[in-house]
Amino acid sequence: MTSTTGPVPASTLSLLSAGQLGPAVAGAVRKLDPRGLVRQPVILVVWVGSVFSTVLAVLDPTLFGWLIAGWLWLTVLFANLAEAVAEGRGKAQAATLRKARTTTVAHLLDGREVPAAGLQPGDTVVVVAGQVIPGDGDVVEGIASVDESAITGESAPVIRESGGDRSAVTGGTTVLSDRIVVRITSRPGETFVDRMIALVEGAARQKTPNEIALNILLSSLTVVFLLAVVTLQPLAIYSGARQDTAVLIALVVCLIPTTIGALLSAIGIAGMDRLVQRNVLAMSGRAVEAAGDVGTLLLDKTGTITLGNRQATEFLPVGGADEKELADAAQLASIADATPEGRSVVVLAKTAYGLRERSDLPGARFVAFTAQTRMSGVDLPDGRQLRKGAAAAVTGWVRAQGGTVAPEVGQVVDAIAGSGGTPLALAACDDAGARVLGVIHLKDVVKEGMRGRFDQLRRMGIRTVMITGDNERTARAIADEAGVDDVLAEATPEDKLALIRREQDGGRLVAMTGDGTNDAPAMAQADVGVAMNTGTTAAKEAGNMVDLDSNPTKLIEIVEIGKQLLITRGSLTTFSIANDLAKYFAILPAMFAGAFPTLDALNVMRLSSPQSAILSAVVFNALIIVALVPLALRGVRYTPASASAMLRRNLLVYGAGGAVLPFVGIKLIDLLVSLLPGIA
Amino acid sequence: MSAAAAGWLQVALLVAALVAVHRPLGDWMARVFTTDRHWRVEQLVYRAVSVDADSEQRWPVHLRSVLAFSVIGVLFLYLLQRVQLWLPLSNDMTAVEPGSAWNTAVSFVTNTNWQGYSGESTMGHLVQMAGLAVQNFVSAATGIAVAIAVVRGFARTRTDRLGNFWVDLTRAVTRILLPLSMIGAVVLVLGGVVQNLSSGTEVSTLAGATQFLPGGPVASQEAIKEIGTNGGGFYNANSAHPFEGPTAWVSLFQVFLLLLIPFALPRTFGRMVGDQRQGYAILGVMATLATASITLVSWFEARAGGTATQLAGAAMEGKEVRYGEPLSALFGAATTLTSTGAVNSLHDSYTPLGGGVVLLNMMLGEVAPGGVGSGLYGMLVLAVVAVFVAGLMVGRTPEYLGKRLGRREMTLASLYLLATPALVLIGTAVAIAVPAGQASLLNEGPHGLSEVLYAFTSAANNNGSAFAGLSANTPFFNVALGLAVAFGRFLPIVLVLALAGRLAAQGRTAVTAGTFPTHRPLFVGLLTAVTLVVVGLTFFPALALGPLAEGL
């Protein structure tokens, strides 16, 4: 893999590229082995029906018999194809990931050299610039820049250092500079890359709870319809209308929910795949499903709701100082301040007051910020001193210089703090004496579009809670601006855990993101915990998803993917069941209109002959699977809306549509089939 | 007044009466099953059978209580019939023969009340009063008790207790069925239904012949026969007998009685789960299906072809002239929509399609509104299935009333869905295929098939009405139908109580804008469609060869 592409080549986004179709068909044929079909009871029934009808066709060769047998096999094949295509996309990703798996030699701290695959948890290895990190672990000594593009697709190197929240390294990534000592945390064969490969390949795929429940319902419907058809023969014999076994098999296959049965696993695989495409790795399908059920999102303020840092938005002069003078002084005081807040002061002075940025001031002495003084500033060559900092520190400084503090300073500072902002006082000491020039209003800037996003979530019934270390007042102000439902201010890890438990007791599933070790307990408690890839090993282990892009906003997308997965499953189930109506109207009159001519009234589609009617229903039943494969892989259209609105739309499209479409489809196929000699 | 106008007026009257009583009755029933105060007489009962009325049961214990009570009921009723000749008030009846006694015992304990016997010539007054009437009360009360346990499953959170079967059973009798039956019986007596302990009167007819007029405690049994959706008549002719249903308005009153509790239970359900709208949604589905069914039966019966029929104005064969076509059709639909099985006309003589609708009423599982209790829990299971199928379409794991529908819940609901159709289909297929079954057929062709299909549908769904035209009092049918009756009653109860246990153990998910709405008209439509498609379509092939082949 080149360092500029992610683990998901763009080509996999196209559904059925020519290069994949070949292997997929081969895979579909291989899946005809009934042992594998046990997982899909509905398709297994079709398989048994295919075998039976083939035997019947051999014993009593007719064109009709062979056509039925052929199309039944195609039905099984199409079902397998859906799964094979879905898996094929994952296989391509797995192949590229395999290249990232390291085959290098690990240099143990004690000087021995072992193959990377032989590393055990607890081993400590030394990795120097240019070497590949042999396994997952934590940096215990040193600092290095690491190229993680093999995993994340992000080419910019990241810093990894011992201690703190940036200590985790992933096997297969490359150290670009310096030397680090890594304590291995993963077992051989269970590294992050190994798990990723297993995930995208579908090897580790287990049926999710909801999928199992659906399978049970589908199996029970299959049994009901099987019974209905098996018991039909004695009734038919009594009625003097004994049916060919092939016809009965055709009826069973048409009635049991083959469409959803065929597409069920493909939908699940494709759902995981959609996450992978967004660079999110779910450790289990269960987590993806849970994402759809989430009722509460815990979002960290910084980086998710607001741009990382506070920014200067206003200069408020006091004591008769003029705005321009304040802006000028503020800019001068901030020239040496490299913090984002400092830069934003310079930028505001430039954009709002047209003050050109001065890059250096000859002869000026810069005063750096310290925790003791809580101020920074500059002493200019002309003797003018400027100080910027917390209001208390700055007013203290002014008084110490023998100046007075205008009474309005306190009011302005309080007003800013009250609105959720951070006030920075600016003072000058020159010939005119020491005085406060004014106050700079620093503010958290909410990311664009967040309010709309939260409104959308609210319509979907999802509560958003902002988590922040800020005090209550500041937090509330930002929360109001961003439009989140609730805030957890001055949040400690214990507070987070308690909040999650409270929400869960109230019947809501909780999703959160986290990266630090102190997030781990909350991540483990949350129903969906998305760990940032930049985070610590503890955080990654506690969560059930890892975001390779380390973008906390992605949580919202994850929820949408989870919902889309469930909606796709439900829509195709409804569609599949609704299809039965038309099939009855095709097959029943075909079976019995001979014995009871009045039953021809049920032949509402006016299909040309009994054989053509039955064949058309079987053909439709097989083709609809292929037709819906793209939908199953892509997922049904999803626009965030209330449950009522979504239900109305999907019921109309997939329920009513599912009832009507087969009438049209079967009729059209009948028009073609009836052209066959010996069928019409 | 034309027959059609009279028919509409009857339906309007019935609907108005049901609308008027369903609220107070539903609320009263909710109170009955939520209060912790015992009546003095109830405490005596609890003490007599040594039940701790203040303790609650886990679902397996609840189920064991239901089964034990029913087994004892069957044994007692069987014995009573066998020894009636040595007991007082036997009216000189001999012991009921074993096959019939067994069939009757099972049938009455399961609220089926399939009558293989002729009441006036088989059962003495003591068996009628102490045996059959008692089971009319307690089998209905059992159904209500199970339904209430299921409702508690939805209403409660994080508990393994579903209430106490013995308490619910007792209260259903003392506070609901007995008071209603007393009122009902008095009205029936006023309407001309007989009520005495006479062993019968011989009268000379105008033509000079002598005729035997059987008397008996009819009105008291008639009331609970309808109120408990039992359906076993005092006389063989059931509600068509002039002593059981003397006039048209009495027959209409009987329809009212048999719909009374089933239509009020959704209100009880809404109350107990703390959201009336949920109860109304369930009621809406029941009412929609019932209205459609009544309309269809009436229409098919009224528009029947044929010279004689047109002269009579409607298909009057097998119908009482004093009731007329509309009331007969209404009664026929109502008795099969519930699990009553009482008849005031002969279903076998209905037009093929009219008879087909009556048949379909039962095939849907008798959920609109269904038997007392059983209708509600049947509909709730269908609601669970409907929510599961369509609920995924809102992008969440399906949940009904805040209860998540996972693997176990769906296993139980699916098996419930499977149980009754399997009994009906297998029973019918076997009966029509084996000589022992074929021998009982009196009609050929599709009508004969309908008769067998009807017998097994009625038995497995615990309806108890017969299509007639089938000699069902044979060893084969006594055994086969008896099994269908027993499994048709208790398999669903086992599954639904297990489901209730699972649901009660769950917490409750919060209701948000993302929650699948189960109280809107859209859901009513959805549940109606699921009932028709998922359950109804199963029987389409069988119906095609029976009523449809005959009637289209």
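Consider only pairs whose beta carbons are under 6 Å apart and that are at least six residues apart or on different chains; among these, list those whose first residue lies in region B:434-455 and is more than 14 Å from B:Pro352 (Cα to Cα) and whose second residue is acidic (Asp, Glu) and at pLDDT 90 or above. Listed pairs, sorted by first residue: none to list.
Evaluated against (1) without any contact (Cβ under 8 Å) to a residue 40 or more places away in the chain; (2) over 23 Å from A:Pro188 (Cα atoms), A:Val146 falls short on exactly one condition, (2).
Yes or no, residue by residue, for (1) over 21 Å from B:Gly355 (Cα atoms); (2) aliphatic (A, V, I, L, M):
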| position | (1), (2) |
| --- | --- |
| B:Leu442 | no, yes |
| B:Val452 | no, yes |
| B:Phe456 | no, no |
| B:Ala459 | no, yes |
| B:Leu483 | yes, yes |
| B:Leu491 | yes, yes |
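Got at least one residue in region B:499-518 being of a type in the set (Phe, Trp, Tyr) and within 12 Å of another protein chain (Cβ to nearest Cβ)?
yes
Any idea which of B:Leu537, B:Leu495 is surrounded by fewer than 24 Cβ atoms within 10 Å (Cβ to Cβ), closer than 23 Å to B:Val384 by Cβ and free of Cβ contacts under 8 Å to residues at least 12 places away in the same chain? After applying the criteria, what remains is B:Leu537. Of the strands (runs of 3 or more DSSP E) entirely within region A:113-157, those holding at least 1 residues that are over 14 Å from A:Ser167 (Cβ atoms) occupy A:113-115, A:124-128, A:143-147. The residue that is farthest from the other protein chains (Cβ to nearest Cβ), among those in region A:632-643 that are crowded, with 17+ Cβ neighbours inside 10 Å and part of a helix (DSSP H, G or I), is A:Leu633. Of the residues in region A:357-380, at least one is modelled with pLDDT of 85 or more, among the small types (Gly, Ala, Ser) and under 21 Å from A:Leu316 (Cβ atoms). State all residues of region A:63-106 that are in contact (Cβ under 8 Å) with a residue 24 or more places away in the chain and not in a helix (DSSP H, G or I); if no residue qualifies, say none. Residues satisfying the conditions are A:Arg101, A:Thr102, A:Thr104, A:Val105, A:Ala106. Annotation note: Cβ proximity below 7 Å between a residue of region A:275-288 that is assigned to a helix (DSSP H, G or I) and a residue that is basic (Lys, Arg) (sequence gap 6+ or interchain) occurs for A:Gly285/A:Arg205.
Among the criteria (1) out of contact with any Ser or Thr (no Cβ under 9 Å at 6 or more places or on another chain); (2) within 14 Å of chain B (Cβ to nearest Cβ); (3) not in a helix (DSSP H, G or I), the one A:Glu190 does not fulfil is (2).
Residues are listed down the side, and each one gets a yes or a no for (1) away from chain B (no Cβ under 13 Å); (2) in contact with a helix residue (DSSP H, G or I) (Cβ under 7 Å, 6 or more places away or on another chain):
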| residue | (1), (2) |
| --- | --- |
| A:Ala156 | yes, no |
| A:Gly163 | yes, no |
| A:Val169 | yes, no |
| A:Arg195 | yes, no |
| A:Pro209 | no, yes |
| A:Ser220 | no, yes |
| A:Ala241 | no, yes |
| A:Ala246 | yes, yes |
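Checking every residue in region B:404-424 against the condition of being within 10 Å of chain A (Cβ to nearest Cβ), aliphatic (A, V, I, L, M) and under 19 Å from A:Ile237 (Cβ atoms) gives at least one match.
State yes or no: is A:Leu437 in a strand (DSSP E or B), on the phi < 0 side of the Ramachandran plot and touching a residue at least 24 places away in the same chain (Cβ under 8 Å)? Answer is yes for this residue. Scanning region A:279-304 for residues that are in contact with an Asp or Glu (Cβ under 6 Å, 6 or more places away or on another chain) and closer than 24 Å to A:Leu97 by Cβ yields A:Asn279, A:Val280. Just wondering, is there one or more residues in region A:103-122 that are hydroxyl-bearing (Ser, Thr, Tyr), modelled with pLDDT under 85 and in contact with a strand residue (DSSP E or B) (Cβ under 9 Å, 6 or more places away or on another chain)? Within region A:103-122, one or more residues are hydroxyl-bearing (Ser, Thr, Tyr), modelled with pLDDT under 85 and in contact with a strand residue (DSSP E or B) (Cβ under 9 Å, 6 or more places away or on another chain).
Taken together, the criteria place A:Val127 among residues that are farther than 30 Å from A:Arg274 by Cα and either crowded, with 22+ Cβ neighbours inside 10 Å or touching a residue at least 12 places away in the same chain (Cβ under 8 Å) (or both). Just one of the numbered conditions (1) within 21 Å of B:Ala290 (Cβ to Cβ); (2) facing chain A (nearest Cβ under 8 Å); (3) surrounded by fewer than 22 Cβ atoms within 10 Å (Cβ to Cβ) is not true of B:Leu526: (3).
Please find, among B:Pro521, B:Pro547, B:Pro475, the residue that is buried (at least 24 other Cβ atoms within 10 Å of the Cβ), of a type outside the set (A, V, I, L, M), more than 8 Å from every other protein chain (Cβ to nearest Cβ) and in contact (Cβ under 8 Å) with a residue 60 or more places away in the chain.
Result of the check over B:Pro521, B:Pro547, B:Pro475: B:Pro547.
As a summary of the residue check, A:Thr75 satisfies the conditions (1) closer than 17 Å to A:Ile269 by Cβ; (2) at pLDDT 80 or above; (3) crowded, with 21+ Cβ neighbours inside 10 Å except for the one numbered (1). Is at least one residue of region A:264-272 surrounded by fewer than 21 Cβ atoms within 10 Å (Cβ to Cβ), hydroxyl-bearing (Ser, Thr, Tyr) and either touching a residue at least 24 places away in the same chain (Cβ under 8 Å) or in contact with a strand residue (DSSP E or B) (Cβ under 8 Å, 6 or more places away or on another chain) (or both)? Checked against the condition, which is being surrounded by fewer than 21 Cβ atoms within 10 Å (Cβ to Cβ), hydroxyl-bearing (Ser, Thr, Tyr) and either touching a residue at least 24 places away in the same chain (Cβ under 8 Å) or in contact with a strand residue (DSSP E or B) (Cβ under 8 Å, 6 or more places away or on another chain) (or both), region A:264-272 yields no hits at all. Applying a threshold of 8 Å to beta carbon distances and a minimum spacing of six or more residues, or different chains, the list of pairs starting in region B:97-121 at a residue that is under 17 Å from B:Ala133 (Cβ atoms) and ending at one that is of a type in the set (Lys, Arg) reads B:Ala101/B:Arg82; B:Thr110/B:Arg489; B:Asn111/B:Arg489; B:Thr112/B:Arg489; B:Asn113/B:Lys225. For A:Val629, are the conditions met, namely being touching a helix residue (DSSP H, G or I) at 6+ places or on another chain (Cβ under 6 Å), closer than 27 Å to A:Gln243 by Cα, in contact (Cβ under 8 Å) with a residue 24 or more places away in the chain and crowded, with 18+ Cβ neighbours inside 10 Å? Criteria not met by A:Val629. When region B:442-472 is filtered for residues that are within 13 Å of chain A (Cβ to nearest Cβ) and modelled with pLDDT under 85, the ones remaining, listed by number, are B:Asn443, B:Glu444.
Restricted to helices (runs of 4 or more DSSP H) entirely inside region A:512-628, those with at least 3 residues that are within 14 Å of chain B (Cβ to nearest Cβ) and touching a Pro at 6+ places or on another chain (Cβ under 9 Å) are A:554-578, A:580-592. Just one of (1) in contact with a helix residue (DSSP H, G or I) (Cβ under 7 Å, 6 or more places away or on another chain); (2) within 13 Å of chain B (Cβ to nearest Cβ) fails for A:Val230. It is (1).
Hey, which of the strands (runs of 3 or more DSSP E) in region A:350-431, taking only ones fully inside, have at least 1 residues that are small (Gly, Ala, Ser)?
Of the strands (runs of 3 or more DSSP E) lying wholly inside region A:350-431, those with at least 1 residues that are small (Gly, Ala, Ser) span A:375-379, A:385-389, A:422-430.
Among residues of region A:177-216 being closer than 20 Å to B:Glu409 by Cβ and without any contact (Cβ under 8 Å) to a residue 60 or more places away in the chain, the one that is surrounded by the most Cβ atoms within 10 Å (Cβ to Cβ) is A:Ala213.
The values are calculated or read from the model by the stated rules, or taken from the named source; none is laboratory data. Since this is a predicted model, take the numbers as computed values, not measurements. Note that each Cβ is placed from the backbone with ideal geometry, even for glycine, and that neighbours are counted across all protein chains shown.
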